[in-house]
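The block underneath contains the structure these notes are about, expressed in structure tokens.
The values are calculated or read from the model by the stated rules, or taken from the named source; none is laboratory data. The model shown is predicted, which means the values in this text are computed figures rather than measured ones. No Cβ is skipped: glycine too gets one built from the backbone with ideal geometry, and neighbour counts run over all protein chains shown.
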Amino acid sequence: MIFVIDIGNTQIVVGLMDGGTRKDSFRLATDRVKTAEEYALLLHGICSMRGIDLKNIEGGILSSVVPVLTPVLQDAVESLIGRRPLAVGAGVKTGLNLRVDNPGQLGSDRVVDAVAASARYKKPIFIVDMGTSTTVSVVGRDGSFLGGLIIPGLRVSVDALSAMASQLPLNISLETPDKMIGTNTLSCMRSGVLYGAAAMLDGLVARVEKELGEPVTAVATGGLGRLVVPLCRRAFSYDPDLLIKGLQILYEKNRPAGEAAV
Amino acid sequence: MILAIDMGNTNAVLGCMEQGKAVFTSHFGTDRTKTADEYALLFRGFCQRGGVDPAALEGGIVSSVVPMLRPVMKEAVTRLTGKTPILVEAGLKTGLQIQIDDPAQLGGDLVVVAVAARKKYPGPLVIFDMGTATTASVIDGQGRYRGGMIIPGLRVAVDALSRRASQLPLNINLEPPAHVIGTNTMDCMRAGAIYGNAAMLDGILERVEDELGEPVTAVATGSLVSLVVPYCQRVIHEEPDLLLQGLCLLYEKNSRRHTQGVKA
């Protein structure tokens, strides 16, 4: 079993993978001030609470869009399992041809999503990951990573609006409104955020297809995808575990030579 | 000539209006801490630069989505012109049939824009106002205000994302990139904001038409419209002065002199 860790700007997802199967997963808040000792204690405690024996964990891999936390989580995991987890970045084999201006600048979460989607879906692929930001990554017919879009995430956006607009409520829950044309402040905001995002995704898939000159497979991941995808008119495959599956694939690809899979 | 003021959550506009046309307009930041005297001084300065004598103004009208600034504006305009301005609030005659759960909850800016758009375009209509929020107002074929959507404005959303995401740059300049598929961080963010919002407006129009069961005319106003609308696939009429035009119409409908039939 291995640890796969995705450090996002708002949450850290920790998965326990055995082969290609997710055995367990949990989330932590992304806290940029916590130390390696604190994260180690947290991981240790949650694993023991969930009946996960750290002795069965042979290694780990992590992807991070919060550079300051990358070595912190590496230290934390190393102190628990005695092995330093690999961090996705320069020097890690991905099998993707990154056709972007500066591959070092590309968010590692988008690379991991693209690796997982390339292994599972027909190319070209339009991958949308809905979290702190809504990222769109496009994998071409030949398997190259072509680039994409970065859009403010739903939660971040709506909270920023609430904070700026005197007459709008704060911390609204995002639920699917029963009608598209809202008739009160809350239903207008929910409709705007969820139907707005769905309309945007439909339109972006069409625009990307036009730019590529061919149809794409549309794949969605990220917690908020569950609410938005059902409101889209395009068919999207919703794959909530895309990132942790991608991390598992990258772990296998980068296993030191001569070391056999357990 | 009247003074029309619209206070948004981030920016405000003042216009000296003569028969529905702006003699001059001035933009200023919404400052929740400024006093009535400070605003009066600012407005006097704008009038002087615009060549308008405040004493010659026959009245004023103010819409504000910042409730705490309504009494401040009322006092500032009264101080400047010697006449109490009309405030856009519940109870004002608008000529709109507002069919939402609680008509008093409807943002004053949405009412003002709807009044102006209705006058110029036959219903059914979708009116977008792109500022701090991107609002969509739906008016059906019978001229009834049916509701809409409130969406985080693109500037507000992009700035919030920049602050939250460790690897993204702050205060980016929103210019349209050459391609939908961006190949560097800045172009990805610009494409997301501009093409993302354009796709969203198109998709919202389509969904509203399905819900109403008839085609709509699309109208857009607000500071961010010129950035997004050129990339929409639907025809969307850009109407930058909708707010000030709506304020003039509401002034005419509600000023005492007008209702008493006294000619200016």
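Consider region A:127-154 and keep the residues that are facing chain B (nearest Cβ under 10 Å) and over 16 Å from B:L168 (Cβ atoms). The one that is surrounded by the fewest Cβ atoms within 10 Å (Cβ to Cβ) is A:G140. Only residues that are surrounded by 17 or more Cβ atoms within 10 Å (Cβ to Cβ) and either assigned to a helix (DSSP H, G or I) or outside the structural domain of A:A197 (by TED's automatic domain parsing) (or both): list them for region A:163-175, please. Hit for region A:163-175 is A:M164, nothing else.
What helices (runs of 4 or more DSSP H) lie completely within region B:105-219 and have 3 or more residues being more than 9 Å from chain A (Cβ to nearest Cβ) and buried (at least 24 other Cβ atoms within 10 Å of the Cβ)?
Numbers: elements: B:108-120, B:154-164, B:185-212.
By residue number, B:108-120.
Yes/no matrix, rows are residues, columns are (1) assigned to a loop (DSSP other than H, G, I, E, B); (2) in contact with a Leu (Cβ under 6 Å, 6 or more places away or on another chain); (3) crowded, with 23+ Cβ neighbours inside 10 Å:
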| residue | (1), (2), (3) |
| --- | --- |
| B:D6 | no, yes, yes |
| B:L14 | no, no, yes |
| B:R32 | yes, no, no |
| B:R49 | no, no, no |
| B:V52 | yes, no, no |
| B:I61 | no, yes, yes |
| B:R79 | no, no, no |
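Based on what the data block shows, is B:D101 under 30 Å from B:R190 (Cβ atoms) and either modelled with pLDDT of 95 or more or touching an Asp or Glu at 6+ places or on another chain (Cβ under 7 Å) (or both)? No. Among the residues making up region A:50-88, those that are assigned to a strand (DSSP E or B), touching a Pro at 6+ places or on another chain (Cβ under 8 Å) and not hydrophobic (A, V, I, L, M, F, W, C) are A:G59, A:G60.
Of everything in region A:16-49 that's in a helix (DSSP H, G or I) and aliphatic (A, V, I, L, M), which residue is nearest to A:V77 (Cα to Cα)? Please lay out each step first, then the result.
Step one: filter region A:16-49 for residues in a helix (DSSP H, G or I), giving A:36-49.
Imposing the further condition that a residue be aliphatic (A, V, I, L, M) reduces the set to A:36, A:40-43, A:46, A:49.
Details: A:A36: 8, A:A40: 6, A:L41: 10, A:L42: 11, A:L43: 8, A:I46: 13, A:M49: 17 Å.
Filtering first and then ranking leaves A:A40.
In region B:64-75, is there at least one residue being of a type in the set (S, T, N, Q), touching a strand residue (DSSP E or B) at 6+ places or on another chain (Cβ under 7 Å), in a strand (DSSP E or B) and in contact (Cβ under 8 Å) with a residue 60 or more places away in the chain? Spell out how you get there, then give the answer.
Applying the first criterion (of a type in the set (S, T, N, Q)) to region B:64-75 yields B:64.
Next cut, touching a strand residue (DSSP E or B) at 6+ places or on another chain (Cβ under 7 Å) only: B:64.
From what is left, the residues that are in a strand (DSSP E or B) are B:64.
Right, trim to in contact (Cβ under 8 Å) with a residue 60 or more places away in the chain and you get none.
Looking through region B:64-75, none of the residues is of a type in the set (S, T, N, Q), touching a strand residue (DSSP E or B) at 6+ places or on another chain (Cβ under 7 Å), in a strand (DSSP E or B) and in contact (Cβ under 8 Å) with a residue 60 or more places away in the chain.
Screening A:T134 with (1) out of contact with any helix residue (DSSP H, G or I) (no Cβ under 9 Å at 6 or more places or on another chain); (2) within 18 Å of B:G182 (Cβ to Cβ); (3) at pLDDT 95 or above gives one miss only, at (1). For region A:172-190, a residue qualifies if it is at pLDDT 95 or above, more than 7 Å from every other protein chain (Cβ to nearest Cβ) and touching an Asp or Glu at 6+ places or on another chain (Cβ under 9 Å), and the qualifying residues are A:I172, A:S187, A:R190. If the condition is being within 24 Å of A:I172 (Cβ to Cβ) and either modelled with pLDDT under 95 or more than 9 Å from chain B (Cβ to nearest Cβ) (or both), then region A:191-224 contributes A:L194, A:A220, A:T221, A:G222, A:G223, A:L224. For region B:233-247, the criterion of a residue being touching a Leu at 6+ places or on another chain (Cβ under 8 Å) and either at pLDDT below 95 or assigned to a helix (DSSP H, G or I) (or both) is satisfied by no position.
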